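Visitor: Questions regarding the structure given below will be posed in turn.
The values are calculated or read from the model by the stated rules, or taken from the named source; none is laboratory data. Computed from a predicted model, the values in this text were never measured in an experiment. So basically every Cβ, Gly included, is an ideal-geometry build from the backbone, and we count neighbours across all protein chains shown. All accessible areas refer to the heavy atoms of the entire protein, side chains included, with ligands and DNA or RNA removed. Shrake-Rupley method; radii C 1.70, N 1.55, O 1.52, S 1.80 Å.
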Amino acid sequence: MKPRHLLTVRDLKPSQIQGLLNSAADLKRNRKEIDPLAGKTLGLLFQKPSVRTRVSFEVGMAQLGGRSLYIGPVELQGGQRESSKDLAQVLSRYLDGIVARTFSHEQAEEMAAWSRIPVINGLSDFAHPCQALSDLFTIQEKFGRLKGVRLAYIGDGNNVCHSLLEASALMGAQLAVATPPGYRPDRSVVQWALAQAKKSGSRILLSMKPKEAVREAQVVYTDVWTSMGQEREQAQRRKDFRGFQVDSSLLKQADKKVIFMHCLPAHRGEEVSNEVMDSRYAIVYDQAENRLHMQKAILLTLMGRRT
Ligand code: CP
Ligand code: NVA
């Protein structure tokens with residue numbers, strides 16, 4: 001059974017994630033039927049800015065023979081211009097799929113509830129599933145497996161962290177998360193991940209000590225301290241996250257062959273030092289490239305003919 005929408009990673013079963021990983025690998029090797037999404041149009045509804053998500057979905061759609069249409073903050077007015085219910089029903093009459101980047105996750109959920117076409121979450125305040133699925137693909141490429149790979153996430157318990165928790169717990173990777181007090185990931189996500197980890201053999205650990213979390217880690221991952229929509233908290237956050245920068249001395253505590261990952265955009269000098277970003281450990285551009293291959297797999301699964 002193929003999923004109807006993709007709002008969070010936990011909407012998927014491990015077998016469906018494995019299918020997406022295989023399909024992304026095939027697409028990356030360029031094995032595909034010609035123009036499988038010919039005649040289809042994908043709407044990109046973005047309340048917030050984006051480079052990677054927008055460009056990779058637009059290019060992906062073009063490579064699959066379809067087209068895409070950008071509907072930006074001016075038209076959407078932060079969801080205030082009209083209800084998500086009306087918007088979803090209108091757009092279902094024109095489009096074949098939607099990628100929604102909303103401030104609130106509830107808006108994406110409401111859109112999915114009323115939409116007759118697939119809705120893909122292109123980042124909400126709660127989750128970034130396309131990022132985490134692409135990251136699983138990157139980690140599998142680098143290590144040849146996901147089960148038992150030791151990940152550490154250092155920084156804010158945000159949307160990217162939530163999706164990484166769900167992805168790791170579903171696929172049997174180990175994940176240690178270190179955040180300052182007050183910035184832990186959402187309790188419901190942690191509880192879900194802990195329960196899921198028991199089934200998959202994953203191990204989930206929460207900490208407030210970056211050094212503890214990165215010990216023997218094979219992947220060290222971070223994201224910005226101030227996410228889109230939190231700009232007014234920036235000064236406070238800079239203070240609260242002191243000691244949480246991923247720098248060379250922190251990476252020294254990790255596995256010798258550690259790789260550094262970041263969803264980007266990075267605030268160099270805040271959550272990650274320039275030195276680490278430019279080091280041989282960083283695979284952030286491979287990681288960004290893989291958004292394209294994984295999202296093509298997602299588009300084919302949700303919008304293609306085959307189930
Ligand atoms: N990583 C990511 O989603 O980047 P954008 O915000 O540029 O799309
Ligand atoms: N946590 C960041 C991720 C950007 C891709 C944000 O929400 O702004």
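Visitor: Taking only the stretch 31-80 into account, find how many residues are more than 12 Å from D96 (Cβ to Cβ), small (G, A, S), away from ligand 2 (no atom under 16 Å from the Cβ) and loosely packed, with under 15 Cβ neighbours inside 10 Å.
Guide: Number of matching residues: 1.
Visitor: All but one of (1) within 21 Å of F241 (Cα to Cα); (2) touching a strand residue (DSSP E or B) at 6+ places or on another chain (Cβ under 6 Å); (3) within 16 Å of ligand 2 (Cβ to nearest atom) hold for P129; state the number of the condition that does not hold.
Guide: Among (1) within 21 Å of F241 (Cα to Cα); (2) touching a strand residue (DSSP E or B) at 6+ places or on another chain (Cβ under 6 Å); (3) within 16 Å of ligand 2 (Cβ to nearest atom), P129 violates only (1).
Visitor: Looking at G72, G78, can you tell me which residue is touching a strand residue (DSSP E or B) at 6+ places or on another chain (Cβ under 7 Å) and within 28 Å of T226 (Cβ to Cβ)?
Guide: Of the residues listed, the single one that is touching a strand residue (DSSP E or B) at 6+ places or on another chain (Cβ under 7 Å) and within 28 Å of T226 (Cβ to Cβ) is G72.
Visitor: In addition: Being surrounded by fewer than 23 Cβ atoms within 10 Å (Cβ to Cβ), away from ligand 2 (no atom under 16 Å from the Cβ), of a type outside the set (G, A, S) and on the phi > 0 side of the Ramachandran plot, is that true of even one residue in the stretch 213-222?
Guide: yes
Visitor: For the stretch 168-181, which residues satisfy the criterion of being over 20 Å from E216 (Cα atoms) and either under 16 Å from the mean Cα position of the chain (by Cα) or open to solvent by 10 Å² or more (accessible area, probe 1.4 Å) (or both)? Lay out the reasoning, then the answer.
Guide: Residues of the stretch 168-181 over 20 Å from E216 (Cα atoms): 170, 180-181.
Once the filter is applied, which keeps residues that are over 20 Å from E216 (Cα atoms) and either under 16 Å from the mean Cα position of the chain (by Cα) or open to solvent by 10 Å² or more (accessible area, probe 1.4 Å) (or both), the stretch 168-181 yields L170, P181.
Visitor: Restricting the search to the stretch 102-111, which residues are within 12 Å of ligand 2 (Cβ to nearest atom) and surrounded by 24 or more Cβ atoms within 10 Å (Cβ to Cβ)?
Guide: Answer for the stretch 102-111, where residues must be within 12 Å of ligand 2 (Cβ to nearest atom) and surrounded by 24 or more Cβ atoms within 10 Å (Cβ to Cβ): just T102.
Visitor: Only residues that are more than 17 Å from the chain's Cα centre (by Cα) and either within 12 Å of ligand 2 (Cβ to nearest atom) or not in a loop (DSSP other than H, G, I, E, B) (or both): list them for the stretch 112-126, please.
Guide: A112, A113, W114
Visitor: Run G304 past the list (1) of a type outside the set (S, T, Y); (2) within 13 Å of Q131 (Cα to Cα); (3) open to solvent by less than 30 Å² (accessible area, probe 1.4 Å) and report the number of the one that doesn't hold.
Guide: Of everything listed in (1) of a type outside the set (S, T, Y); (2) within 13 Å of Q131 (Cα to Cα); (3) open to solvent by less than 30 Å² (accessible area, probe 1.4 Å), G304 misses just condition (2).
Visitor: What do you reckon, is G97 more than 15 Å from the chain's Cα centre (by Cα), away from ligand 2 (no atom under 16 Å from the Cβ) and open to solvent by less than 10 Å² (accessible area, probe 1.4 Å)?
Guide: So G97 passes the test.
Visitor: Please work out which one of (1) of a type in the set (S, T, Y); (2) within 16 Å of ligand 1 (Cβ to nearest atom); (3) open to solvent by 50 Å² or more (accessible area, probe 1.4 Å) is the condition T226 fails and give its number.
Guide: Single failed check for T226: (3).
Visitor: With the requirement that a residue be charged (D, E, K, R) and open to solvent by less than 10 Å² (accessible area, probe 1.4 Å), what does the stretch 112-155 give you?
Guide: Within the stretch 112-155, just D135 meets the criteria.
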